[in-house]
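Written below as structure tokens is the structure these notes are about.
The values are calculated or read from the model by the stated rules, or taken from the named source; none is laboratory data. Given the structure is predicted, the values throughout are model-derived calculations rather than measurements. Here Cβ is always computed from backbone atoms with ideal geometry, including for glycine, and neighbour counts include all displayed protein chains.
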Amino acid sequence: MAEENAANLLARREFDRAIPLLESDLAKYPANPRIRLQLADALAGAGRVEEALDQYERTAAFYDDNELIVQSISVRKKAEKLRASSKPPEPPAEVRPMPDSPLFERLSTEERQAVATEMVHCEYAEGDIVITEGEKGSSLYVVASGEVKVYTKGPKGESILLATLGEGEFFGEVSVLTGRPRTATITAARPSELLRLDKERLDELVGRFPHVRTVLEEFYERRASRTVEAMIEQMKKGDR
């Protein structure tokens, strides 16, 4: 299929060959944001910066209209990276706050925009480790696309799969809030894009917007019985 071939060409970084296939697919399915995003990535890889930025903005606008803030932020972070690497640089596009993740639902418009500005866009290949159990935690993450798997060590040192987290879900807030080491290892189940908020930036945000920390703490407390943290504790207690 043409779409599969385009994906394969993108994976091999053969951007010039992928572009006409993706343009053909987009002509057939103009409302498909995934195809448009692939085309933007291909145009960026081929050095066609202005065209890529246009497609990124069109994709982000689609996500805005469908109230998908995580995906919108992720796409605009890609565009910011591309702008930063091109000349002359352009100011980053405004992020419109639309709640599609529980992390954003309780924040005000100003708070959401501030959080979005401080987030860093990260890409992970299938199997890449995002965080490692036992290590000190300094960031929380939101899944923009793809999915991640959550593992912990069993009593005999074996890896136990606890959960799979998809788009809009977030993790890592326990270590950021409490200072405790990571309680699980999280890996990319497939190629994934995450939005990372580092503790240093979070602390600076909290200085300006104390309600941001309040929201995170409320989530931590309210979700305690069903978070990955709770599953880990229950499993380890059951194995004793």
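Looking at region 65-79, which of the residues that are buried (at least 19 other Cβ atoms within 10 Å of the Cβ) and among the charged types (D, E, K, R) is nearest to Leu140 (Cα to Cα)? Looking at residues that are buried (at least 19 other Cβ atoms within 10 Å of the Cβ) and among the charged types (D, E, K, R), I get Lys77. Within region 60-106, the residues that satisfy the criterion of being under 22 Å from Tyr124 (Cβ atoms), modelled with pLDDT of 85 or more and charged (D, E, K, R) are Arg76, Lys77, Lys78, Glu80, Lys81. Pairing residues of region 1-22 that are assigned by TED's automatic domain parsing to the domain that holds Leu39 and more than 17 Å from Arg190 (Cβ to Cβ) with residues that are at pLDDT 85 or above and outside any helix (DSSP H, G or I), at Cβ distances under 9 Å and at least 6 apart in sequence or on separate chains, gives Phe15/Ala46; Phe15/Gly47; Phe15/Arg48; Asp16/Ala46; Ala18/Arg12; Ala18/Ala46; Ile19/Ala46; Ile19/Arg48.
Criterion applied to Thr178, Thr132, Thr185 was being out of contact with any Ser or Thr (no Cβ under 7 Å at 6 or more places or on another chain) and of a type in the set (Val, Ile, Thr), and the one residue passing it is Thr178. Looking at region 41-56, can you tell me whether even one residue there is part of a loop (DSSP other than H, G, I, E, B), modelled with pLDDT of 85 or more and under 18 Å from the mean Cα position of the chain (by Cα)? For region 41-56, residues part of a loop (DSSP other than H, G, I, E, B), modelled with pLDDT of 85 or more and under 18 Å from the mean Cα position of the chain (by Cα): absent.
Search region 184-201 for residues being within 26 Å of Ala7 (Cα to Cα) and among the small types (Gly, Ala, Ser), and hand back the single one that is nearest to the chain's Cα centre (by Cα). Taking the candidates together, the pick is Ser192. Within region 127-143, the presence of at least one residue that is more than 22 Å from Val215 (Cβ to Cβ) and surrounded by 20 or more Cβ atoms within 10 Å (Cβ to Cβ) is confirmed. Determine, yes or no, whether Thr187 is within 27 Å of Thr117 (Cα to Cα), of a type in the set (S, T, N, Q) and exposed (fewer than 15 other Cβ atoms within 10 Å of the Cβ). Judged against the criteria, Thr187 is not a match. Taking the criterion of being over 16 Å from the mean Cα position of the chain (by Cα) and part of a strand (DSSP E or B), the residues of region 115-166 that qualify are Lys136, Tyr151, Thr152, Lys153, Ser159, Ile160, Leu161, Leu162, Ala163.
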